[in-house]
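Written below as structure tokens is the structure these notes are about.
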Amino acid sequence: MEAESGGVVRRRLQKTESAEMRWVVPGGANEDDEIESSDDGGFDTPVAASGSRGGGFSDEDDGYEEDEMLRQRLVRTGPRADSFDVEALDVPGVYRHQEFTLGSCIVLTLQTLGVVFGDVGTSPLYTFDVMFNKYPITAKEDVLGALSLVIYTLILIPFLKYTLIVLWGNDDGEGGTFALYSLICRNAKASLLPNQLPSDTRISSFNLKVPSVELERSLKIKERLETSSMLKKLLLMLVLFGTSMVIADGVVTPAMSVMSAVNGLKVGISSVNEGEVVMITAAFLIVLFSLQRFGTSKVGLAVGPALFIWFCCLAGIGIYNLRIYGSEVFRAFNPVYIYYYFERNTTEAWMSLGGCLLCATGSEAMFADLCYFSVKSVQLTFVFLVLPCLLLGYLGQAAFLMENLDKSQQIFFLSIPSEAFWPVVFIATLAALIASRAMTTAIFSTIKQATALGCFPRLKIIHTSRKFMGQIYIPVMNWFLLVSCLAFVAVFGSINEIGNAYGIAELGVMMMTTVLVTIIMLLIWQVNIVIVLCFLTLFLGLELFFFSSVLGSAADGSWVLLVFAAVLYLVMYIWNYGTKLKYETEVKQKLSMDLLTQLGCNLGTVRAPGIGLLYNELVRGVPAIFGHFLTTLPAMHSMIIFVCIKWVPVPVVPQNERFLFRRVCPKNYHMFRCIARYGYKDVRKENTQAFEQLLIESLEKFIRREAQERSLESDHNDDTDSEDEIASSSSRVLVGPNGSIYSLGVPLAEPGGGTDNSALGSSLSFDGSSLDNELSFVHKAKESGVVYLLGHGDIRARKESFFLKKLVINYFYAFLRKNCRRGIATLSVPHTRLMQVAMQYMV
């Protein structure tokens, strides 16, 4: 690399195959020491110039690579100037996640209460009740031991693990299981769906952190994860298991929170029985899920203040009980009481762990609901408001229990001063409803992320806010959660039984989060191995210890939740498995460029004026369904654009980076490929006309840029004496619109095999008149109309396949695919402009 006088660093790159990133030896390495990764894509992949090595390496290069790999530094060199890369790099303003100042963090503190901390804030309603429901309290030391367990569970899990560590594992502000998975997939090619493109890393919101070569472990883990299909499958299975537990948690949370709040009526009104509590709880749940469709922005004005009042009530009641019953409970901060607790009552203490864990419920929801709040604001709120109020609340309840050992149920409501009883019951019920609603919203966000990454069937998604794209509503999932909640309430009928199931759901998610964050520590953060082992051993060991307790009580009815989570897991796994098989089959059966070349520019049919947008799932090659259109339709449009809706593992793709174009076949074929990229938080509800207008404008920009690049190549060719000298030239550059220098070591569109070079050369000459003619051709085609060509490709298992594969593909996956939404549904295409052809693949 050489520094020019203008301060611009220019990279002189040898002409080779497609290269998005290069391993370059630091400190003045020459061009021959570069190791390039190629991008094979049929006709779309440019052919290396004759002066290049063609992607091959000599023995010396191979040996050098082995010896020096760990001392190489991964740097972003100028990308090859093909259409995808130049299009992706044309960014007038780089997108970055919003940074928050200290002042704005303080303002956000109150706003985070209703959205993030509702679940963990309502845990004092039921924690001690579930802990002591299996056996009576016989001594004050039992209360101190149980309180010490609660205190250190709060400190270790919500505070130390989630607030100080896990929150930093967010994906550009997005939290949750799939956000962690997306972060891993972005830093290592760990996704099982083979539709990744090197140009995806050019999205400005991709924010790829380059692995540090100083840490050999990080590079080895990355290589191992990318090359092992077994590890990829295991990682996916862990993520799907965690997601199924999150959804199960979303079923148990409303049931547990609302029923525990309604139980206060039994204390205030002695005539209220358990059956009436169940009926009232069911009524509240129906109202709660019915209001879900209005969105957070419409009903959330009172959420923050209501939760603030609730936390103040917790602290106030705790202080009141400490003054009335004494401060002896402060001794519980000494962890030795945990040892005494297990020494005196080993079995009872072990069984109470499931109830103890409930004090940390909402920790995962706190991470999943991160969304539009900064990490600092969440940390400030938890450390200076939520945690002190929770500790005061538990200390007050323990102080009450120390003097009332026979009152081990409904402890929270019994400890309330009589003058404040009914106002607190009202606030508690409101807080429980808010906590349930926040958890349901987190489920919607998780489902949308899973859908975008190909792990959940497509469902109708309604965006309830114009300002915040994360506020969504999924009708089918909403009513499914309601029916499941009502079923759990009716079947269990008691917070003690629901509490054990609650612990199973929470621990399942927590353990998966621990494993994923450990991978992130090793792969991305590159933390010292000792710290990583301490994190994994401490938290996974602690969670497994808790899990052994709740699993021991699964026979009491909690097994129902495990079956529920297993069914959800199978749905997601079958969908991902079928989607992967379908995509791989379409890749194998795509049309060859030789066939299109033989058909000629008219494709063996009549080309009628107009634009045909052929939707498919391939990011490279011409889909087999296009051959079906050629044989089925009497004519084909004068311009064909293969549109692929592609989800990339980033939260948001900026609008000006949405479309990538590449020419398919020679110029006179008028065929292009377009990849429309969306992040898993993007809103895909564009107006049809706006979508078409943006697409055509992007196509015109691509054609102009292509002409500019050809003009630069032509100018360079005029200065050379022969074609051999042209081929051997090692430094051609392109000045992009943002002033960057890019390598033109590989031509933008080279002829494929079987094409007449002279004819193709003439078709690819870009002078001014040729550019004007093609733009005029695009305008005329647009005026003639745009037609959407949809190919529905279904898969069936071959006759010789195993019975299990036939069952999964022919019945389960077919059922899911038949009843889910089509990928084109969000564009609301008029039926008069829609053509559909079905095709079946045997897998």
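The values are calculated or read from the model by the stated rules, or taken from the named source; none is laboratory data. From a predicted model like this one, the values you see are computed outputs, not experimental measurements. FYI the Cβ positions are ideal-geometry reconstructions off the backbone, even for glycines, and counts take in every protein chain you see. The protein model used for the area step is the full one, side chains on, heavy atoms only, and it has no ligands, DNA or RNA in it. Shrake-Rupley method; radii C 1.70, N 1.55, O 1.52, S 1.80 Å.
Whenever you get a sec, compute what percent of the accessible area on segment 264-382 sits on carbon and sulfur atoms (1.4 Å probe).
Answer for segment 264-382: carbon and sulfur cover 67 percent of the accessible area.
In what sequence, largest accessible area first, do 556, 794 appear using a 1.4 Å probe?
Correct descending sequence by accessible area is 556, 794.
Provide the FRET efficiency to the nearest 0.05 for the residue 224-residue 567 pair, computing r from the beta carbons and using R0 = 35 Å.
The calculated FRET efficiency here is 0.60.
Once the convex hull of the alpha carbons of segment 585-649 is built, what does its volume come to per residue, in cubic angstrom?
Normalising the Cα hull of segment 585-649 by residue number yields 87 Å³.
Could you check how much of the accessible area of segment 119-181 is carbon and sulfur, as a whole percent, using a 1.4 Å probe?
66 percent
Assuming R0 = 22 Å, what is the FRET efficiency of residue 560 and residue 274, from their Cβ-Cβ distance, to the nearest 0.05?
0.70
Residue 587 accessible area, nearest 10 Å², 1.4 Å probe?
Counting only protein heavy atoms, the figure is 50 Å².
Order the following by accessible area, largest value first: 389, 312. Probe radius 1.4 Å; ligands, DNA and RNA are ignored.
These residues rank, largest area first, as 312, 389.
Mind ranking 485, 601 by accessible surface for me, highest first, 1.4 Å probe?
From most accessible down to least: 601, 485.
State the volume of the convex hull built on the alpha-carbon positions of segment 475-550, expressed per residue in Å³ and rounded to an integer.
Normalising the Cα hull of segment 475-550 by residue number yields 96 Å³.
Using a probe radius of 1.4 Å on heavy atoms only, what accessible surface per residue do you get for segment 257-372? Whole Å² is fine.
43 Å²
Run the 1.4 Å probe and let me know the accessible area of residue 525, rounded to the nearest 10 Å².
Roll a 1.4 Å probe over it and residue 525 shows about 70 Å².
Length gain on complete extension for the stretch residue 831 to residue 419, per 0.36 nm per residue less the alpha carbon to alpha carbon distance?
Contour length minus the Cα-Cα distance gives 141.8 nm.
Restricting the calculation to Cα positions, tell me the Rg (one decimal) and the Dmax (whole number) of segment 543-615 in Å.
Values for segment 543-615 (Cα only, Rg and Dmax): 25.9, 72 Å.
I need the fraction of alpha carbon pairs in segment 371-469 separated by more than 17 Å, rounded to a whole percent.
Of all Cα-Cα pairs in segment 371-469, 72 percent lie more than 17 Å apart.
Determine how large the accessible area of residue 644 is when every protein chain is in place; take a 1.4 Å probe and give Å² rounded to the nearest 10.
Residue 644 exposes around 0 Å² with every protein chain in place.
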